[in-house]
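Here's the structure we're looking at; comments come further down.
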Amino acid sequence: MSVSSKILTLNEVIIQKQSAFPYAKGDLSRLLSHIGLAAKIVNSKVNKAGLEISILGTADNINVQGESQQKLDVYADETFIKALQASGLVCGIASEENDEIVIFDDDLSLDSDYIVCIDPLDGSSNIDVNVSVGTIFSIFRRITPAGQKVSTEDFLQPGTKQIAAGYVIYGSSTMLVYTTGLGTTGFTYDPSIGEFCLSHYFMVTPKTGKIYSINEGNYSKFPNGVKQYLKYCQEEDKGSDRPYTSRYIGSLVADFHRNLLKGGIYIYPKTASAPKGKLRLLYECNPVAFLAEQAGGLATDGYGNRVMEIQPTSLHQRISFFTGSKNMVLKAEEFMEKYKDE
Ligand code: P6P
C-alpha cells in the first residue's frame with residue numbers, strides 16, 4: 001500500500017475545507033492563514049526566548065487581569081494585532097492583554113466581517129522556565145453593520161456563534177490546532193520549510209481517560225463537589241482504571257492538548273479566592289470548548305451549563321471550566337450536582 005508522502009500545508013487544507021462552504025469567499029481561509037503567519041513569528045521568538053534575555057521576564061506592567069505582563073505577552077499581542085489588521089479581514093479584536101477592544105478603523109478593516117478574541121500567549125509565566133505555552137483564538141462574524149467601527153456588543157456573542165477557533169502550542173514541537181465546525185484538525189510546524197504541515201487530520205478525543213488536570217494547591221478552596229470528584233479519581237478501582245494520574249502543567253493549552261490526545265479532564269473550578277473561576281470565557285474557554293466538542297469531548301462550567309451557550313456579559317468575564325473526555329466531564333458533573341449546596 002503506497003503511503004502518501006505528500007505534505008499538506010495549513011493553507012492547502014484550509015482551502016480544501018473551504019470547498020465545504022459553497023458560498024465562502026475565501027476570507028476565512030485567508031484569515032486563518034494570517035493567523036498561521038503570526039504564529040510562525042511568535043514561535044520564532046518563543047523558541048529563542050532563552051537566548052534573548054531582553055525578551056524574557058516581566059514588562060513592568062500589570063494587565064487588566066491584575067497579572068504581571070511578560071515581555072513575550074506584549075510581543076505576542078502586538079504581533080497578532082499587526083497580522084490581523086494587515087489581513088484587512090478583521091474589524092477588531094478582544095485580547096487578554098488589552099483592557100478594551102482594539103478597533104481597526106482603516107477603510108478595509110471597517111468593511112470587514114470578522115472579529116477575533118485572542119489570548120496571545122497563554123501560560124506565559126512558564127516561559128522563563130521553558131514550559132509549553134500557547135496562543136488561543138476565537139473568530140466570529142461581526143453583528144454590527146460593516147462600514148462602522150466595531151463595538152463591544154460584537155464580542156459578547158455566545159460561543160455557539162464561533163465561525164472558527166484554535167490554538168497554537170509552542171512546545172517540544174509547535175502545533176496549530178483549529179476547527180471551523182468540520183472537526184478538529186492539527187498541524188505540526190516544520191521549521192525546515194517554514195510551514196505548518198497536516199499531522200492530525202481529524203482529532204477525536206477518547207470518551208474517557210485516566211488523567212485529571214487541576215491545581216490541587218487550591219484544594220482547600222474547592223467546592224465540595226470537586227473535592228469528592230478528586231477523591232473518586234484517587235480511589236483504587238481496577239474495573240474503572242482508577243486511581244487516575246494527576247498531570248497539571250499550569251498552561252491550559254498544554255494540559256488541554258495532552259488530554260485531547262490521550263483522554264483526560266481539565267478543571268479550573270470556582271474557588272473561595274476566585275468565586276467566578278479564573279479562566280476567561282471569550283478567549284480561553286469558548287475556543288477550547290469548540291475544539292473539545294468538535295473532537296467528541298465536552299466543555300461545561302461544572303454545573304450542567306454548556307460553555308458555548310453561556311451569554312457573555314463582559315470582555316474579560318471568568319467562568320468555572322470543566323473540559324475534556326465526555327464521560328469524565330459527565331462524572332465530575334455528577335459529583336458537582338450531588339454536593340452542589342456544599
Ligand atoms: P494557576 C494561565 O495563566 C492560565 O490561564 C491557564 O493557562 C492555566 O491552566 C491556569 O491559568 C493556571 O492557573 O492558578 O493554576 O496557576
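The values are calculated or read from the model by the stated rules, or taken from the named source; none is laboratory data. Remember, it's a predicted structure, so these values are computed and weren't measured experimentally. For neighbour counting, all protein chains shown are included, and Cβ atoms are generated from backbone atoms with ideal geometry for every residue, glycine included.
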Subject >> Top-ranked residue in the range 276-302 [being in a loop (DSSP other than H, G, I, E, B) and within 14 Å of the ligand (Cβ to nearest atom); ranked as farthest from the chain's Cα centre (by Cα)] >> reply: K276
Original post:
Would you pick out the residues in the range 175-216 that are assigned by TED's automatic domain parsing to the domain that holds H34 and of a type in the set (D, E)?
Top reply: D190, E195
Subject >> When residues of the range 259-275 are limited to those that are part of a helix (DSSP H, G or I) and surrounded by fewer than 20 Cβ atoms within 10 Å (Cβ to Cβ), the one farthest from the chain's Cα centre (by Cα) >> reply: K262
Original post:
Which of the residues that make up the range 303-342 are in a loop (DSSP other than H, G, I, E, B) and acidic (D, E)?
Top reply: D341, E342
Original post:
Would you call G324 over 18 Å from A164 (Cα atoms) and either crowded, with 19+ Cβ neighbours inside 10 Å or outside the structural domain of S132 (by TED's automatic domain parsing) (or both)?
Top reply: yes
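Per-residue answers, yes or no, for (1) more than 25 Å from L291 (Cα to Cα); (2) within 11 Å of the ligand (Cβ to nearest atom); (3) out of contact with any Ser or Thr (no Cβ under 7 Å at 6 or more places or on another chain):
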site	(1), (2), (3)
C233	no, no, yes
E236	yes, no, yes
D241	yes, no, yes
L260	no, no, no
Original post:
Residues in the range 141-161 that are touching a Gly at 6+ places or on another chain (Cβ under 9 Å) and surrounded by fewer than 23 Cβ atoms within 10 Å (Cβ to Cβ): how many?
Top reply: 4
Original post:
Mind checking whether some residue in the range 190-200 is surrounded by fewer than 23 Cβ atoms within 10 Å (Cβ to Cβ) and closer than 18 Å to G263 by Cα?
Top reply: yes
**OP:** Scan the range 252-272 and report the pairs whose first residue is among the aliphatic types (A, V, I, L, M) and whose second residue is surrounded by fewer than 23 Cβ atoms within 10 Å (Cβ to Cβ) and part of a helix (DSSP H, G or I), with Cβ atoms within less than 7 Å and a gap of 6+ or a chain change.
**Re:** I265/V329; A272/K221
**OP:** Please give the number of the condition Y248 fails out of (1) surrounded by fewer than 24 Cβ atoms within 10 Å (Cβ to Cβ); (2) within 19 Å of N126 (Cβ to Cβ); (3) more than 10 Å from the ligand (Cβ to nearest atom).
**Re:** (3)
Subject >> Residues being within 29 Å of the chain's Cα centre (by Cα), part of a loop (DSSP other than H, G, I, E, B) and surrounded by fewer than 13 Cβ atoms within 10 Å (Cβ to Cβ) - total across the range 222-241 >> reply: 1
Original post:
Exactly one of (1) buried (at least 16 other Cβ atoms within 10 Å of the Cβ); (2) assigned to a loop (DSSP other than H, G, I, E, B) is unmet by I127. Its number?
Top reply: (2)
Original post:
Residues T185, T180, T174: which one is in contact (Cβ under 8 Å) with a residue 60 or more places away in the chain, surrounded by 18 or more Cβ atoms within 10 Å (Cβ to Cβ) and touching a Pro at 6+ places or on another chain (Cβ under 9 Å)?
Top reply: T174
Original post:
For the range 131-160, which residues satisfy the criterion of being within 16 Å of the ligand (Cβ to nearest atom) and farther than 19 Å from V307 by Cα?
Top reply: V131, S132, V133, G134, T135
Subject >> Filter result (at pLDDT 95 or above, β-branched (V, I, T) and part of a loop (DSSP other than H, G, I, E, B)) within the range 178-208 >> reply: V204, T205, T208
**OP:** Say whether the condition of being buried (at least 17 other Cβ atoms within 10 Å of the Cβ), at positive phi and modelled with pLDDT of 75 or more is met by at least one residue in the range 69-87.
**Re:** no
**OP:** Identify the single condition in (1) free of Cβ contacts under 8 Å to residues at least 40 places away in the same chain; (2) under 25 Å from F187 (Cα atoms) that D119 does not satisfy, given that it satisfies every other one.
**Re:** (1)
Original post:
When you scan the range 85-124, how many residues do you find that are of a type in the set (D, E) and either part of a strand (DSSP E or B) or touching a Ser or Thr at 6+ places or on another chain (Cβ under 6 Å) (or both)?
Top reply: 2
